[in-house]
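Okay, so here's the structure we're looking at.
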Amino acid sequence: MATMSERQGIRRGRKYRRYRNAEHEARRILERMGFSAVVRVIDPAVPASMVAWSVTGGVHVFRVVSTRRTIANAAEAAALFREKTEQLREVPRTVGGSVNPWVRTGRNGWRMYRVFPGGIINVEAPDVARDWGQRHV
């Protein structure tokens, strides 16, 4: 009889591994960006992939997903990940904190967004993820 972890591995398959790899890559990026602590969330009931604390004490929630599709803007990302975006809108925010979906899009690198109760916006930040990935592959 298969163990619990073996059954989960079979059930989750390749897509799960792609998400997990993206999560580990995002964690390394956040640590390089100076977040003092980054914790990966594995509870499927929680809509976040990671929680990170900034040096100023802000709590930042991240949902990391991976897709092969090209995403042009925040509206397209919100439509593609509608259910996940809705779940993230309900996450409480701390002062100085944020809720952020990050999407790894294959060749196009990372797309970073910030969620607000009314929708999501592109985060205009240097694409540190793409730069980081090219230097450390």
Taking 0.36 nm per residue of separation between residue 36 and residue 107 and subtracting their Cα-Cα distance, the length gained on full extension comes to 22.7 nm
Quick one: what do you get for region 26-132 if you divide its Cα Rg by 2.2 N^0.38 Å? 1.00
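No lab work stands behind these numbers, since they all come straight from the coordinates. Quick caveat, the model's predicted, so the values are computed rather than measured.
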